[in-house]
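The values are calculated or read from the model by the stated rules, or taken from the named source; none is laboratory data. These figures come from a predicted structure and were not determined experimentally. Every residue, glycine among them, receives a Cβ derived from its backbone with ideal geometry; neighbour counts consider all protein chains shown. For accessibility, only protein heavy atoms count, side chains too; no ligands or nucleic acids. Shrake-Rupley method; radii C 1.70, N 1.55, O 1.52, S 1.80 Å.
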Amino acid sequence: MPFTARLARTALIAVLALTLVPLWSAPAAAGSGSATRLTLAADTDIPRGVTVDLLRTTMTLTAGEKRHLRGRLEATSSTTGIVGLTQRIRCLNASGSTVPVVAASARNHEGSDTTSYAKPGHLPLYADLLFTAPATGVYACVLQGTAYSTLPGTYHLTAVAGSTWLETDDTDQRGAHWWQNGACESADTAGDCTYVGDGSADPDAWIFYNDGTPVHKWQAHPDAVTVSAQANVELTTCYEGTASCASAMHAYPRGRNAVVHTRFELVQLDAAGRACRTHQFATDRTITDDAHHAVGYSKLSDIPIDQACGSRSFLLRVYVKHVSGQTVKVDGVQSGVTSLTNGIAFNNFR
């Protein structure tokens, strides 16, 4: 597509105000034990403004039992225009009510002609949920997809068969813990969100540590041999005119893009609560204004529990530092239930 035409069609989504997205490398799920994967059997259209149930699994759980669910939604587009795509993992009780948290991720699909994805025109999204049964019963968990945009006319996205799946642990993830950052609505009219960048934004932030949520010291299970952890951090660029950030955070015109440095840390504490061993994964990440949202996936696997520390307590946190370009919003919990930035720690019992 000519550059001028691409500019014209990207301008159409300047007021897009829905959720998010990933396109940094996505590691395999952390944790231990076997899992069952359901795979989409046939290509399934996701029409404009419609939430489509793509895959569904049913679990019978006792109160407090935990399952790690991971979803992958790979989508193509019927248009060269930019279309927002959101993936959700939602679990329902026997009466059909959502419990207790919805895990989500999203990204703008940049069109059927895009060549920036690993497979041209194919956008993959991942989401993770640690589901804890609030009561003994049967639960249905669903992988959903939603398409949205201000583009005129008709269009649809398509979930790709074979590459779209929902995976569920077969056994209880004993002692695993879920982190999520605080309330942060899409438009952030209340000013609740965390930002890193220039101007009135902070230069950096610690997610799950000084973002207004309580600091949780996770205790590894007494029988655990090692531990694993992961984090999904959703970031949004705050270009001028976007409806996805507080107006005070609009710093540059669309097209500037953003670069951030992230460092995922799992810190084993000593008996006095001080850092004893720090395990980390660090990388620089780019979020383009066309993508607008992006999820960074980080994972640390099979971390030894150092007995010399005198404690089995851990901190999980993510450091985010603005490097250049647009101010960036760290997306949080929307509508009190949908988590866009979250982390999980697992015990490994082998």
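Here is a yes/no grid of residues against (1) modelled with pLDDT under 95; (2) among the polar types (S, T, N, Q); (3) touching a helix residue (DSSP H, G or I) at 6+ places or on another chain (Cβ under 6 Å); (4) closer than 13 Å to residue 160 by Cα:
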| residue | (1), (2), (3), (4) |
| --- | --- |
| 39 | no, yes, no, yes |
| 61 | no, no, no, no |
| 67 | no, no, no, no |
| 86 | no, yes, no, no |
| 91 | no, no, no, no |
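Only residues that are over 18 Å from residue 240 (Cβ atoms), open to solvent by 50 Å² or more (accessible area, probe 1.4 Å) and over 17 Å from the mean Cα position of the chain (by Cα) were counted in region 175-190, giving 1.
When residue 266 is tested against (1) of a type outside the set (Lys, Arg); (2) open to solvent by 20 Å² or more (accessible area, probe 1.4 Å); (3) closer than 21 Å to residue 346 by Cα, exactly one condition is not met: (2).
Can you name the strands (runs of 3 or more DSSP E) wholly within region 299-350 that have at least 1 residues being under 15 Å from residue 218 (Cβ atoms) and open to solvent by less than 10 Å² (accessible area, probe 1.4 Å)? Spell out the reasoning first.
Working: elements: 313-325, 328-330, 342-348.
The qualifying strands (runs of 3 or more DSSP E) are 313-325, 342-348.
For region 191-201, residues that are touching a strand residue (DSSP E or B) at 6+ places or on another chain (Cβ under 6 Å) and either exposed (fewer than 15 other Cβ atoms within 10 Å of the Cβ) or outside any loop (DSSP other than H, G, I, E, B) (or both) total 4.
Filtering region 213-261 to residues that are charged (D, E, K, R) and either in contact with an Asp or Glu (Cβ under 9 Å, 6 or more places away or on another chain) or not in a loop (DSSP other than H, G, I, E, B) (or both) leaves 234, 254, 256.
Residue-wise test of (1) touching a Lys or Arg at 6+ places or on another chain (Cβ under 8 Å); (2) modelled with pLDDT under 95; (3) open to solvent by 10 Å² or more (accessible area, probe 1.4 Å); (4) farther than 24 Å from residue 177 by Cα.
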| site | (1), (2), (3), (4) |
| --- | --- |
| 96 | no, no, yes, yes |
| 106 | no, yes, no, no |
| 110 | no, no, yes, yes |
| 124 | yes, no, yes, yes |
| 127 | yes, no, no, no |
| 137 | no, no, yes, no |
| 142 | yes, no, no, no |
| 149 | yes, yes, yes, yes |
| 154 | yes, yes, yes, yes |
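Summed over region 157-172, residues that are surrounded by fewer than 23 Cβ atoms within 10 Å (Cβ to Cβ) and either among the acidic types (Asp, Glu) or farther than 26 Å from residue 244 by Cα (or both) total 10.
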